[in-house]
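Please treat every number below as a calculation from the coordinates, not as lab data. Just so it is clear, the model here is predicted, and its values are computed rather than measured. Glycine gets a Cβ as well: all are built from the backbone with ideal geometry, and neighbour counts include every protein chain shown.
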Amino acid sequence: MIAEIGLAALWLAAALAVLQMVSGAAALRAGEGAVDPLAIYARPAAIVQAVLAVLAFLMLLWAFAITDLSIKLVATNSHSMKPLIYKLTGTWGNHEGSMLLWVGVLALSGGLLAAFEKRLPQNTMGATLAVQGFVALGFYAFLLLSSNPFERLPVPAVEGTGLNPLLQDIGLAIHPPTLYAGYVGLSVAFSLAMGALLTREVNPNFARVMRPWVLGAWVLLTLGITAGSYWAYYELGWGGWWFWDPVENASFMPWLAATALMHSVSVLAARDALRTWTIMLGVLAFSMSMLGTFLVRSGVLTSVHAFAVDPERGSFILALLGLYIGGAFTIFALRAGAVAEGKRFAAVSREGALVFNNVMLSAILAIVLLGTLYPLLTEAFNVRVSVGPPYFNPASAIFAVPMFLVMAVGPILRWKDDKPARIQFEVMLVAALLIGVIAAVSFFGSFPFLPLLGLGLAAALAVAAILPLRGRKLTRVPVATWGMVIAHFGVAVSLFGMACEGAFTEERLAAVAPGGTEQVGDFSVTLESVTPVAGPNWTALEARLAVSQNGGAPVILAPQARNFWSPPQATSESALLTRWDGQLYAVIGNQAEDGRWQIRVWWKPFVTFIWYGGLLIALGGVLAIAGRVRVDVKRRSAVAKADARRADLEALEAQPAE
Amino acid sequence: MKTRLWLWVPLALFAFFAGLAGYMLTQPKDQFVESTMIGEPLPDFALDPAFGGLPGAAKADFAGGRPRLLNIWASWCLPCIAEAPQLEALKAQGVEIIGIAIRDRPEDVARFLARYGNPYTRIGSDRISEVQLAIGSSGVPETFVIDGEGVIRYQHIGDIRADDVAVLLAELEKAK
């Protein structure tokens with residue numbers, strides 16, 4: 001029954017998406033103020049659809065929890081002997097399940113928009129919901145016609161084939177759902193942008209409606225990318241935290257677009273400028289999400305995220321992409337010219353700085369997009385290339401460095417028009433920090449250029465981030481401003497971690513006999529023993545490494561070379577020793593013929609700051625949402641009170657005097 | 001309403017991408033890594049014998065004007081068992097096959113040949129896949145057609161099936 005309930009819920013949700021689309025379109029056609037009998041269904045359709053899609057997902061979750069082996073997806077991706085947590089996370093550790101999660105989040109964000117957003121004019125809201133329903137419909141079709149997660153087996157399997165061991169990790173519980181929520185949450189920004197474009201209602205009110213959605217999706221994306229990066233770092237056992245892999249890029253590109261969008265929507269809300277640009281970014285952000293889904297799901301690019309490759313599914317998603325992205329860009333090209341131009345501003349102003357950084361973010365996006373798609377282009381001419389860090393790092397740095405510099409001073413500029421002379425002191429301070437730190441570090445040794453620059457920028461940015469608080473009474477600073485300060489400070493923290501990892505990492509690869517000792521940085525690492533250990537569905541060779549810092553009391557690290565038997569696969573489980581100023585990262589390799597073991601140990605100073613920074617950035621986003629929503633609720637209740645008072649007064653005056 | 005040209009740029013870029021991706025999706029995805037060494041002379045190598053029964057293999061063994069097969073295999077490789085009869089068939093056609101055993105042990109090589117037959121005239125032992133990588137082979141088994149000048153002419157990836165025997169014979173004929 002479970003599978004049938006899930007499938008029925010999906011079909012019903014698809015039908016409601018059609019209703020939502022038709023009803024939303026009717027509202028758009030009727031125009032503001034007019035009432036179309038059809039128009040009233042859009043909101044309820046979106047809400048019920050969300051409930052149904054979530055129900056379908058819960059049904060699949062349940063099927064995985066009880067390991068219902070009559071369902072093909074469960075039989076091919078799960079195993080009765082797996083720990084419960086990995087049975088559950090296995091729900092989205094495969095193509096069909098993750099697409100169901102994708103669609104579930106899409107419907108849920110549409111439902112939330114329909115339920116809580118009351119500020120937009122009726123026709124814009126109708127158009128928005130119509131677009132959201134239209135997008136959802138395509139993905140329901142994809143799920144139901146080519147990736148049905150609830151397909152039954154003619155004969156139930158005796159046992160499942162298991163889940164890829166790399167995915168049997170707590171990381172899978174956190175990383176994909178947050179990332180997806182962010183990815184697909186951007187669909188609301190897309191629909192709102194299209195809705196506003198269709199009704200030409202691109203104004204500060206619209207921006208205020210769009211802002212929390214963009215912020216919310218952006219926070220989730222930030223968390224998802226941060227978690228994913230840390231997961232790859234400790235699970236893959238390569239010691240790296242970012243690989244410029246196509247799938248990583250697929251999550252990074254929507255983040256770049258969303259970051260630009262979040263800033264430009266703020267300009268639109270505060271100053272009524274950047275109208276067309278905001279719409280463009282709104283379309284672009286979700287387009288990048290869909291593009292990423294296509295790249296990941298179709299297998300046109302090779303990646304460490306080896307998903308099942310199916311050209312038919314690839315073609316299906318490509319057709320959806322053509323419909324949505326192509327359609328959106330066409331409407332944009334036709335309509336954007338008709339959107340009245342926003343307010344003007346001087347080059348030296350806060351808008352100016354935000355525009356500059358928006359352009360820089362878009363340029364980085366273009367760099368990453370080009371690097372990701374370049375192998376696709378050359379393969380069309382039968383040349384295989386692999387684009388990696390030697391391209392991505394310097395090419396994105398060209399735009400990232402000026403962006404960071406402008407980011408340092410942007411927040412202290414005034415809106416509309418400002419004089420460079422007014423912020424002379426701050427500019428000098430930032431420049432002095434930048435140059436001072438670079439000079440000081442180069443004094444101690446020769447380091448690669450980019451990490452060195454990163455260290456200088458991190459110091460300058462950290463101080464610049466708190467400059468907007470200067471001379472203000474801290475208790476009176478709005479929550480949203482605190483959000484900005486913390487997020488910008490988080491960028492500095494993250495940059496500091498990246499630069500330290502790049503500049504100061506020490507690596508030691510050695511063949512060690514039991515009892516032997518190696519030195520890495522301040523640590524001496526002694527291989528005590530290598531023993532076999534067993535887990536619920538794996539066996540492993542576990543090395544016991546006694547690690548002591550500067551001759552202090554030893555701590556035991558236990559990296560493992562694990563062998564899973566269902567499906568059979570070997571993984572390398574790294575062992576980490578976290579100190580406030582960095583991490584020791586140990587991996588065990590093969591045994592050499594003479595009985596010695598390959599041990600690989602890194603000392604990575606301040607590497608954890610990369611992810612602390614990511615968390616700070618996300619926290620900043622959360623504060624910004626909280627601040628904006630609070631102000632908005634206050635304003636609305638004030639307006640409501642004023643209305644009520646006016647109504648009372650009118651009622652009083654209307655009473656005949658006695 | 002005035003339309004501006006730059007507004008069409010995103011659509012044009014996207015259309016280019018969609019066309020490219022659509023084209024690439026229709027292209028068959030090759031599962032194997034083809035050697036870039038085809039048409040190139042063999043790299044220099046001289047390998048020790050893989051076991052006591054046959055001499056080792058070197059680049060010099062491919063000289064002398066006659067095309068030969070170079071078979072990359074290993075005793076631990078299951079598809080190599082499957083291709084053994086086809087190698088025998090090729091040998092029966094008068095083809096000289098020189099083997100390179102990858103990461104193998106002499107006693108295992110001897111046991112394999114005793115059990116599945118020995119189509120080779122020479123077998124070199126490539127203990128660290130050095131020669132294998134140098135000639136651009138990414139797996140076991142693989143078979144190369146080498147012409148009389150020692151130039152790599154053709155690469156067969158995977159085990160040799162019954163249908164492939166004729167193909168290899170034709171390639172050997174072409175290499176003459």
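For chain B, modelled as a Gaussian network with Cα springs under 10 Å, which listed residue fluctuates most, B:153, B:115, B:105?
B:115
Compute the relative contact order of chain A as a whole-number percentage, counting only Cα pairs closer than 8 Å that sit 6 or more residues apart in sequence.
Relative contact order for chain A comes out at 11 percent.
What lysines does residue B:91 reach when the alpha-carbon gap must be under 27 Å and sequence neighbours fewer than 8 apart in one chain are set aside?
Excluding near neighbours in sequence, the set is B:59, B:174, B:176.
Residue A:34 to residue A:152: FRET efficiency via 1/(1 + (r/R0)^6), r the Cβ-Cβ distance, R0 51 Å, to the nearest 0.05?
0.60
Assuming R0 = 56 Å, can you tell me the calculated FRET efficiency for the pair residue A:431 and residue B:92, based on Cβ-Cβ distance, to the nearest 0.05?
Computed FRET efficiency for residue A:431 and residue B:92: 0.10.
Would you compute, from DSSP H runs of 4+ residues alone, the mean residue ellipticity of the protein assembly as shown at 222 nm, taking -39500 (n - 2.57) per run and dividing by the full residue count, rounded to the nearest 500?
About -19500 deg cm²/dmol.
Measure off 7 Å from each Cα along the Cα-to-Cβ vector at residue A:593 and residue A:473, then give the distance between these two points in nanometres to one decimal.
8.0
Within 10 Å of each candidate Cβ there may be at most 11 other Cβ atoms; applying that plus a DSSP loop requirement, which chymotrypsin sites (Phe, Trp or Tyr not before Pro) in the stretch A:521-596 survive?
A:580
Report the Cα-based extents of the stretch A:507-605 along its three principal axes, largest first, to the nearest Å.
Principal-axis extents of the stretch A:507-605 (Cα, largest first): 42, 32, 21 Å.
Would you mind checking the tilt of helix B:78-92 against the longest principal axis of the Cα atoms of chain B, expressed as 0 to 90 degrees and rounded to 10?
60
Which far-off residues, 5 or more places away or on another chain, put their amide H under 5 Å from the one on residue A:162, with H placed in the peptide plane?
A:77, A:78, A:79
What does the charge count near residue A:193 come to, summing +1 for each Lys or Arg and -1 for each Asp or Glu among other residues with Cβ under 13 Å from its Cβ?
Within the 13 Å Cβ shell, the charges total +3.
Mind running the shape call on chain A? Use the C-alpha gyration tensor, a ≥ b ≥ c as the square roots of the eigenvalues: rounded below 1.5 for a/c, prolate if a/b tops b/c, oblate otherwise.
Oblate.
Could you tell me the distance between the Cα centroids of the stretch A:63-92 and the stretch A:233-258, to the nearest Å?
27
For residue A:87, give me every one of the lysines with a C-alpha distance below 25 angstrom, ignoring sequence neighbours fewer than eight places off in its own chain.
Output for residue A:87: A:72.
What FRET efficiency would be calculated for the residue pair residue A:385, residue B:162, taking the C-beta separation as r and a Förster radius of 45 Å, to the nearest 0.05?
In this case the efficiency is close to 0.75.
Between residue A:238 and residue A:442, what length comes free when the chain is fully extended (0.36 nm per residue of separation minus the Cα-Cα distance, one decimal in nm)?
Full-extension gain reported as 70.6 nm.
Just subtract the alpha-carbon distance of residue A:636 and residue A:338 from 0.36 nm times their residue separation and send over the number in nm, one decimal.
104.2 nm
Highest mean first, how do A:184-196, A:92-104 rank when packing is the count of other Cβ atoms within 10 Å averaged over residues?
A:184-196, A:92-104
Can you find, among A:502, A:480, A:441, the residue sitting farthest towards the positive end of the charge dipole of the stretch A:432-518, where Lys and Arg contribute +1 and Asp and Glu -1 at Cβ?
About the Cα centre, the residue reaching furthest to the positive side is A:480.
Just counting partner chain Cβ atoms within 10 Å, what average do the residues of peptide A:321-328 show around their Cβ?
Average neighbour count from other chains, rounded to a whole number: 3.
If each residue of separation counts as 0.36 nm, what is the full-extension length gain between residue A:539 and residue A:315 once their alpha-carbon separation is subtracted?
The residue A:539-residue A:315 span can extend by a further 76.6 nm.
How far is the Cα center of the stretch A:586-658 from the Cα center of the stretch A:406-483, in Å?
23
Output the DSSP H helices from chain A with an along-axis C-alpha extent of no less than 18 Å and a mean Kyte-Doolittle hydropathy no less than 1.0.
The answer, listed by residue number, is A:2-30, A:42-65, A:95-116, A:122-146, A:170-199, A:275-298, A:350-379, A:389-409, A:424-444, A:449-466, A:479-504.
Among the GluC sites (Glu not before Pro) within the stretch B:1-108, which fall in a DSSP loop and have no more than 15 other Cβ atoms within 10 Å of their own Cβ?
Counting only loop positions with at most 15 other Cβ atoms within 10 Å, the GluC sites (Glu not before Pro) in the stretch B:1-108 are B:34.
Give the separation of the Cα centroids, the stretch A:310-324 to the stretch A:175-231, in Å.
If you average the Cα positions of each part, the centres end up 23 Å apart.
For the stretch A:206-345, what does the alpha-carbon gyration tensor say about shape, rounded, prolate or oblate, given a ≥ b ≥ c as the root eigenvalues, a/c under 1.5 as rounded, and a/b over b/c as prolate?
Verdict is oblate for the stretch A:206-345.
For peptide A:369-380, compute the average count of partner chain beta-carbon atoms within 10 Å of each residue's beta-carbon.
2
Would you work out which of A:147, A:415, A:38 lies farthest towards the positive end of the dipole of the protein assembly as shown, given +1 charges on the beta-carbon of Lys and Arg and -1 on that of Asp and Glu, about the Cα centre?
Sorting the options by dipole projection puts first A:415.
Provide the percentage of antiparallel DSSP beta bridges, counting only those with both residues in the protein assembly as shown; round to the nearest 5.
The antiparallel fraction comes to roughly 85 percent.
I want the local charge near residue A:407. Using Cβ-Cβ distances under 15 Å, sum +1 for each Lys or Arg and -1 for each Asp or Glu among the other residues.
Taking every Cβ under 15 Å from that of residue A:407, the sum is -1.
Just need the relative contact order of the stretch A:507-605 here, percent rounded to a whole number, with Cα pairs under 8 Å and 6+ apart.
This gives 25 percent for the stretch A:507-605.
Give the residue list of GluC sites (Glu not before Pro) in the stretch A:530-637 that are DSSP loop and have at most 11 other beta-carbon atoms within 10 angstrom.
For GluC sites (Glu not before Pro) across the stretch A:530-637 that sit outside H, G, I, E and B with at most 11 neighbouring Cβ atoms in 10 Å, the list reads A:593.
Once you put a point 7 Å from the Cα of residue A:378 and another 7 Å from the Cα of residue B:176, both along the Cβ direction, what distance in nm separates them?
4.1
So how far apart, in nm, are the two label points at residue B:133 and residue B:78 if each is 7 Å from Cα heading toward Cβ?
Placing both labels 7 Å beyond Cα along the Cβ direction yields 2.7 nm.
Local charge sum around residue A:170 (other residues, Cβ-Cβ under 13 Å, Lys/Arg +1, Asp/Glu -1)?
My count for the surroundings of residue A:170 gives -3.
So for the stretch A:63-182, averaging the separation of alpha carbon pairs under 8 Å that are six or more residues apart and normalising by length, what relative contact order in percent results?
The normalised contact order for the stretch A:63-182 reaches 47 percent.
For chain A, the longest stretch holding no trypsin sites (Lys or Arg not before Pro) located in a DSSP loop with at most 16 other Cβ atoms within 10 Å is which?
A:201-342
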